[in-house]
Amino acid sequence: MRWIMVLLALWTARAAQRLSLTLGKGKGSSLPGMVALKIYPGILRWFAGQSRLGTVMVTGTNGKTTTNNMLAQIINSSGYKVLVNSEGANLITGVTTAFIRSANLWGKLDCDYAVLEVDEAAFPTVAARVHPDTVVVTNFFRDQLDRYGELDTTVGMVAQALNNLNGTKLVLNADDPLVAQLEQKSGLKAQYYGLDPGSETTHVGAETREAKFCPLCGALLNYKAYNYSQLGDFKCHGCGFERPQPHFRAHSMRQTGDLFQGEIDWQTRNFGLKIPARGVYNFYNALAAVSTAITFNVDPDTAAHALVSYAPAVGRMDRFDYQGKPVLLNLVKNPTGFNQALAALLNQDTLQDVLVAINDNAADGRDISWLWDVDFEVLEENQPRFNNFICTGKRAAEMAVRLKYAGVPAEKISIHNNTERAIDAAVSGGGKMTFLLATYTALWPVEAILAKKAKRVEGDAESMPSVS
């Protein structure tokens with residue numbers, strides 16, 4: 001009976017996917033899973049355990065999609081068959097869809113590893129059904145307060161879910177105290193990755209710090225240095241909790257032309273890691289992926305080499321060319337990610353037009369108060385770099401108000417309720433380049449419209465993932 005229900009759910013889900021693609025109603029990355037779960041809620045448990053060498057889940061606030069896809073590319077380049085939800089559909093429906101796409105007509109999988117990005121809020125449910133062999137946690141920041149609640153709620157959900165697993169191995173960011181605590185909280189064994197302080201390190205900062213207090217005893221955390229936000233070299237003088245010594249230690253990070261590179265120490269080995277990216281946050285993602293792959297016995301040099309040609313998912317600093325003008329498209333979804341996007345804008349030495357598309361649909365988060373935690377005030381002192389700010393999306397007016405309060409001159413701010421007209425205004429503006437920043441549900445329509453007007457630049461060094 002169970003097998004019959006699996007086949008009914010699988011075949012109906014496949015039919016729904018074909019219909020969705022035929023009608024142009026999306027990319028079919030979640031609908032098949034939704035249909036299958038309605039017909040047979042146990043289908044995810046059916047698929048769990050079919051991967052021959054194991055299942056890995058990547059969770060956390062920022063960098064999930066990038067880390068997950070980098071890891072899948074490394075494993076695939078090492079000769080293994082990989083199942084992956086590469087499009088960022090990370091709720092239980094998207095994870096189920098990934099299995100459905102890879103299964104044959106009889107519900108059987110032919111893969112060595114399942115590599116799955118999983119939303120923090122969905123992690124407890126998915127982990128309970130799939131029981132991953134390895135869990136990678138990137139970082140924790142405030143994100144979608146209406147969905148997750150306060151940050152300690154999100155961390156608590158993940159910690160409790162890990163506590164219910166047996167034998168699962170952890171790969172944790174040593175530099176985030178909210179992540180580093182998980183080994184103690186869960187009792188599971190962990191491997192840590194971390195970055196030594198480098199040229200981009202700060203000893204103080206105005207950025208929102210998510211972890212000012214020790215997650216174990218509540219005392220004020222002391223930092224020797226920050227890499228960004230609360231990621232850095234921390235110690236609690238109350239209970240002694242401190243940054244763990246990383247098993248995978250990155251150092252000597254530097255930007256060299258179009259490559260961000262560094263050295264990795266692991267056991268007695270040292271190897272270089274180069275990625276076509278800008279920003280220390282991208283290096284964190286790459287380091288997480290490489291570290292995890294090595295725990296799967298992938299050769300370190302092979303793992304590092306696999307990322308030199310990494311291509312990002314949509315919306316991670318995608319680069320386009322509009323009549324000779326560079327246009328960059330980037331996903332923004334929380335204060336930390338938006339602050340890093342602003343840093344990318346300020347890194348440019350040319351006049352820019354900026355479009356900001358803010359939606360408040362369920363997938364974006366209904367509560368947009370997080371915009372007031374973004375450090376837009378940095379724009380006021382850098383006004384000569386910007387030609388215009390064009391606001392669009394369902395909450396365009398609120399975005400415009402936030403920019404005005406940040407000190408951006410009112411004459412540089414405009415609101416366009418029509419997304420296509422907003423994009424036209426941005427790409428045809430007087431700047432030498434254009435940045436398009438969009439929340440999740442705004443990203444896809446912006447990308448679709450932009451792709452019709454401009455040429456995508458493939459393999460460009462700028463076309464690398466953002467912090468999101």
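The figures follow:
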{"quantity": "Segment 235-283: number of residues that are hydrophobic (A, V, I, L, M, F, W, C), buried (at least 20 other Cβ atoms within 10 Å of the Cβ) and part of a loop (DSSP other than H, G, I, E, B)", "calculated": "2"}
{"quantity": "Residue check, G88 surrounded by 24 or more Cβ atoms within 10 Å (Cβ to Cβ) and modelled with pLDDT under 90", "calculated": "no"}
{"quantity": "Test result for A362, assigned to a loop (DSSP other than H, G, I, E, B), of a type in the set (A, V, I, L, M, F, W, C), in the same structural domain as E411 (by TED's automatic domain parsing) and surrounded by fewer than 18 Cβ atoms within 10 Å (Cβ to Cβ)", "calculated": "yes"}
{"quantity": "Test: L44 is touching a Lys or Arg at 6+ places or on another chain (Cβ under 7 Å) and either of a type outside the set (S, T, Y) or surrounded by fewer than 23 Cβ atoms within 10 Å (Cβ to Cβ) (or both)", "calculated": "yes"}
{"quantity": "Elements of type strands (runs of 3 or more DSSP E) contained in segment 92-197, each with 2 or more residues being over 26 Å from G337 (Cβ atoms)", "calculated": "113-117"}
{"quantity": "Count of segment 284-297 residues which are surrounded by fewer than 21 Cβ atoms within 10 Å (Cβ to Cβ) and either assigned to a helix (DSSP H, G or I) or not aromatic (F, W, Y) (or both)", "calculated": "2"}
{"quantity": "Qualifying residue in segment 194-202 (condition: modelled with pLDDT of 80 or more and in contact with a helix residue (DSSP H, G or I) (Cβ under 7 Å, 6 or more places away or on another chain))", "calculated": "yes"}
{"quantity": "Contacts under 9 angstrom Cβ, first residue in segment 204-217 being within 13 Å of V374 (Cα to Cα) and of a type in the set (A, V, I, L, M), partner at pLDDT 55 or above and surrounded by 14 or more Cβ atoms within 10 Å (Cβ to Cβ), 6 or more apart", "calculated": "A206/D375; A206/V378"}
{"quantity": "When residues of segment 172-184 are limited to those that are over 16 Å from N62 (Cβ atoms) and out of contact with any Pro (no Cβ under 9 Å at 6 or more places or on another chain), the one surrounded by the fewest Cβ atoms within 10 Å (Cβ to Cβ)", "calculated": "Q184"}
{"quantity": "Of all residues in segment 318-358 being in a loop (DSSP other than H, G, I, E, B) and crowded, with 22+ Cβ neighbours inside 10 Å, the one that is farthest from the chain's Cα centre (by Cα)", "calculated": "I358"}
{"quantity": "First in segment 401-427 and among the charged types (D, E, K, R), second anywhere and surrounded by 15 or more Cβ atoms within 10 Å (Cβ to Cβ), Cβ under 6 Å, 6 or more apart", "calculated": "R402/L371; K412/N388; K412/F389; E420/I449"}
{"quantity": "Filtered residue count, segment 298-312, keeping only those that are touching a Lys or Arg at 6+ places or on another chain (Cβ under 8 Å) and surrounded by fewer than 20 Cβ atoms within 10 Å (Cβ to Cβ)", "calculated": "1"}
{"quantity": "Answer from T125, T138 - the residue that is surrounded by 19 or more Cβ atoms within 10 Å (Cβ to Cβ), among the polar types (S, T, N, Q) and modelled with pLDDT of 95 or more", "calculated": "T138"}
{"quantity": "Segment 308-321 residues that are more than 16 Å from L342 (Cα to Cα), paired with ones that are in a strand (DSSP E or B) and at pLDDT below 80 (beta carbon under 9 Å, 6 or more apart)", "calculated": "V308/L259; P312/D318"}
{"quantity": "Condition met for A174 (farther than 24 Å from S86 by Cβ, touching a strand residue (DSSP E or B) at 6+ places or on another chain (Cβ under 7 Å) and touching a residue at least 40 places away in the same chain (Cβ under 8 Å))", "calculated": "yes"}
{"quantity": "Residue among G88, G94 that alone is on the phi > 0 side of the Ramachandran plot, in contact (Cβ under 8 Å) with a residue 40 or more places away in the chain, out of contact with any Asp or Glu (no Cβ under 6 Å at 6 or more places or on another chain) and not hydroxyl-bearing (S, T, Y)", "calculated": "G88"}
{"quantity": "Hits in segment 41-82 (condition: among the hydroxyl-bearing types (S, T, Y) and assigned to a helix (DSSP H, G or I))", "calculated": "T65, T66, T67, S77"}
{"quantity": "Among (1) under 19 Å from E150 (Cβ atoms); (2) modelled with pLDDT of 90 or more; (3) touching a helix residue (DSSP H, G or I) at 6+ places or on another chain (Cβ under 9 Å), the one test that C217 misses", "calculated": "(3)"}
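The values are calculated or read from the model by the stated rules, or taken from the named source; none is laboratory data. Since we're looking at a predicted model, the values are computed, not measured. As a convention, Cβ positions derive from the backbone with ideal geometry for all residues, glycine included, and neighbour counts pool all protein chains shown.
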